[in-house]
Amino acid sequence: MAVARRSALPLPLGPYSAPSAAMPIAANYAGGPFRLDARLAGPSSPDYGTEHTPPCNCPSLTAAQLASVQRHAGAAVAVAAGQQHLDDSSDGWSDAHSDLSGTTESAEGAMAHEIRSMCISKLRELADAERLAPDFISEAQRDGDGGVSETGRQNLLIWLRHFNAFFGLAPDSFAVAASLVDSMLELTRVKPEHADLVGVACLRIAAKMVGAVELQPTPRELCINCDNTFSEQDLDRMETIVYNKLQGQFHKVVPFDFLSELLQLAALSSGPPILATGAFEAVVSTRLLTSCFYYELMSYRPTTIALAVLVFELNRLAPEFDTASLADRIGAILFVPVWDLDNCVRCLAKVTALSGRHAEDGAASETEP
């Protein structure tokens, strides 16, 4: 059963106050762009907050993107209709061609069945390896009394995601880094003034695990872009501490791990044509990555969160489709109870709505004279 937790309110999106000693980087990051010339320019180059970009909202499709998705979906439907028309008008074809067509359809059906079985096998393997995270903010971190608070954790993960994108690292490197941060917060009390150093050390470890060697940031680049808040020796020492604390357990199952197989399974389970579009995959991918920002969602299994994200986006972008029926079929395969999935979808909708309201409030405050 999901454990009730305090709601993680999204961050105010207006400019932050002057940097504090407790969280010199993450807590004061206002979404400003990292400057590419800051990688070699020197200690005074980073300028966080000179330009505001809301950091914690999962972007919705723009009107142009949605139109593109609808065009792709319409094209897929038209192709399917054309194929059906050809099938209906094939009565005059030769028996030999009919036999060949039947053989081809059988081969395609067998291939689709094999792919579906592989997806189910992989998803169940991930589900067997997942575990429900304990309430480490209240227990290990004492709700911020000497440790990292819920808001401090959220600030750190939002900042790390932008830092990950600045260095051109893959999305899954951020997913691994976020899981490493949570593992550290679960195992040991982290002082707020050390939280940013722990986060950068986790990001560097994640880049080594899943990133290309040529894209891995050097300690010098990381320190320069952190305004030299800590030294290269501090970063190396913290990496060693993370390695020793985690004892080789560098990756746990997170919702992002389910992305590829879950979309394939949904498409092969009579899902809507929009599932085959790149724009929809990008939206689901971003939503899965940003779901880690909200501590309240961690009371659900990663399997449940991944399926809830898929259901939430289908309800939003394909409202005419019977999403509930598809969710029931996939939920039965992955052993996700209907009541738990419904609760997770409602929780996701709540934090998304709160993020949207805070984004609007932040934009309004910036336009005031």
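The values are calculated or read from the model by the stated rules, or taken from the named source; none is laboratory data. Because the structure is a prediction, the values reported are computed rather than measured. Reconstructed Cβ throughout: ideal geometry from the backbone, glycine too, with neighbour counts over all protein chains shown.
At a glance:
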read-out	value
Given (1) surrounded by fewer than 22 Cβ atoms within 10 Å (Cβ to Cβ); (2) in contact (Cβ under 8 Å) with a residue 60 or more places away in the chain; (3) charged (D, E, K, R), number of the condition residue 142 does not satisfy	(2)
Qualifying helices (runs of 4 or more DSSP H) (wholly inside the range 220-324; at least 1 residues being over 23 Å from residue 196 (Cβ atoms))	259-268, 278-290, 302-317
One residue from 364, 282 being surrounded by fewer than 20 Cβ atoms within 10 Å (Cβ to Cβ) and either at pLDDT 95 or above or in the same structural domain as residue 261 (by TED's automatic domain parsing) (or both)	282
Complete set of residues in the range 145-195 that are part of a helix (DSSP H, G or I) and of a type in the set (Asp, Glu)	150, 172, 182, 186, 193
In the range 201-229, the residues that are more than 21 Å from residue 256 (Cα to Cα) and free of Cβ contacts under 8 Å to residues at least 12 places away in the same chain	213, 214, 218
Residues within the range 298-329 that are under 17 Å from residue 253 (Cβ atoms) and either modelled with pLDDT of 95 or more or not hydrophobic (A, V, I, L, M, F, W, C) (or both), tallied	12
Considering residues of the range 118-139 that are of a type in the set (Gly, Ala, Ser) and in a helix (DSSP H, G or I) only, the residue surrounded by the most Cβ atoms within 10 Å (Cβ to Cβ)	127
Residue that is surrounded by the most Cβ atoms within 10 Å (Cβ to Cβ) [pool: residues in the range 157-175 that are farther than 16 Å from residue 293 by Cβ and out of contact with any Pro (no Cβ under 6 Å at 6 or more places or on another chain)]	173
Leading residue by the ranking (nearest to residue 176 (Cα to Cα)) among those in the range 305-336 that are among the β-branched types (Val, Ile, Thr) and without any contact (Cβ under 8 Å) to a residue 60 or more places away in the chain	305
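For (1) hydrophobic (A, V, I, L, M, F, W, C); (2) surrounded by fewer than 16 Cβ atoms within 10 Å (Cβ to Cβ), each residue gets a yes or a no:
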site: 181; (1), (2): yes, no
site: 191; (1), (2): no, yes
site: 198; (1), (2): yes, no
site: 205; (1), (2): yes, no
site: 217; (1), (2): no, no
site: 245; (1), (2): no, yes
